[in-house]
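For reference, the structure discussed in these notes is given below.
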């Protein structure tokens, strides 16, 4: 079922109310992973203009291109945002691990209301807070979810990337519209995946354990990176460390590559990232410890 089994819909709804503090009327919809939703949502909604964060997951821009929409990379504050049919916010952010404040969410919602624009919050890393506690945009709508959507993924929360299981929560009329198109486009989550999603959403123990793992890995890597001259920026939540040595991102990537460590150049996430790198904490604990040791040893030479 494109709409989701009754059991999965109930699990997502309950999770939204208890974990995200969602109130008011809202609907839910399973997705074939969050990436396909990010890439295809502007097309499904026939958006003519799309805003997305100026340092961001590149698929937001890809989605605008696929839809033939005008695209704009924008700052956190909506004061200078151009009018758009669809605007993305992302917290905790990929690649920076930055977490939106209450005020930032409220200002974004106020802007969306004033401009009659759809506001979509990508919250796939919400369960992995470290020095900040992430919250959902649905907590700030006062029960009025008109033109508001939140995207979540079990790829991150439950380490189920290969399952391609994610879901959308928010404005019931928008979700009805999206569901109808997806039904005809064959965008249906297979039943075995829906059953696995239902079970994963009913358990928090594995999420707590995985959050502790990522945060311990961050605590292992950060001191070594700082000793090597890297400044850690944001990185308050999520799976990544966003850092800079105030040099070309490719120079930083090359320095680490010579130690047998792979990092992603920041320019992949926008022009403003060209002096930064993103380090993922998705290797094993042993590999993370080894990487920290290599960085520390190279710094002492």
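The values are calculated or read from the model by the stated rules, or taken from the named source; none is laboratory data. All of these numbers come straight from a predicted model, not from anything done at the bench. Using ideal geometry, Cβ is built from the backbone for each residue, glycine included, and neighbour counts are taken over all protein chains shown.
For residue 175, are the conditions met, namely being closer than 30 Å to residue 112 by Cα, touching a helix residue (DSSP H, G or I) at 6+ places or on another chain (Cβ under 8 Å) and crowded, with 19+ Cβ neighbours inside 10 Å?
Values: closer than 30 Å to residue 112 by Cα: yes; touching a helix residue (DSSP H, G or I) at 6+ places or on another chain (Cβ under 8 Å): no; crowded, with 19+ Cβ neighbours inside 10 Å: yes.
In short, no.
For the stretch 245-290, which residues satisfy the criterion of being on the phi > 0 side of the Ramachandran plot and surrounded by fewer than 17 Cβ atoms within 10 Å (Cβ to Cβ)? Quick ask: steps written out before the conclusion?
Here is the first cut: in the stretch 245-290, the residues on the phi > 0 side of the Ramachandran plot are 246, 260, 270.
Answer for the stretch 245-290, where residues must be on the phi > 0 side of the Ramachandran plot and surrounded by fewer than 17 Cβ atoms within 10 Å (Cβ to Cβ): 246, 260.
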Handout entry: Options 62, 50: the member that is touching a helix residue (DSSP H, G or I) at 6+ places or on another chain (Cβ under 9 Å), crowded, with 20+ Cβ neighbours inside 10 Å and assigned by TED's automatic domain parsing to the domain that holds residue 150
Key = 50
Exercise for the section: Determine, yes or no, whether residue 126 is within 17 Å of residue 21 (Cβ to Cβ), not in a loop (DSSP other than H, G, I, E, B) and not assigned by TED's automatic domain parsing to the domain that holds residue 217. Expected result: no
Fill in the blank from the handout: Within the stretch 197-211, the residues that are under 20 Å from the mean Cα position of the chain (by Cα) and not in a helix (DSSP H, G or I) are 204
Handout entry: Meets criteria (on the phi > 0 side of the Ramachandran plot, at pLDDT 95 or above and not assigned by TED's automatic domain parsing to the domain that holds residue 263) for residue 147
Key = yes
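Conditions tested, residue by residue: (1) within 21 Å of residue 167 (Cα to Cα); (2) touching a residue at least 40 places away in the same chain (Cβ under 8 Å); (3) assigned to a loop (DSSP other than H, G, I, E, B); (4) out of contact with any helix residue (DSSP H, G or I) (no Cβ under 6 Å at 6 or more places or on another chain).
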| position | (1), (2), (3), (4) |
| --- | --- |
| 89 | yes, yes, no, no |
| 106 | no, no, no, no |
| 119 | yes, no, no, no |
| 145 | yes, yes, yes, yes |
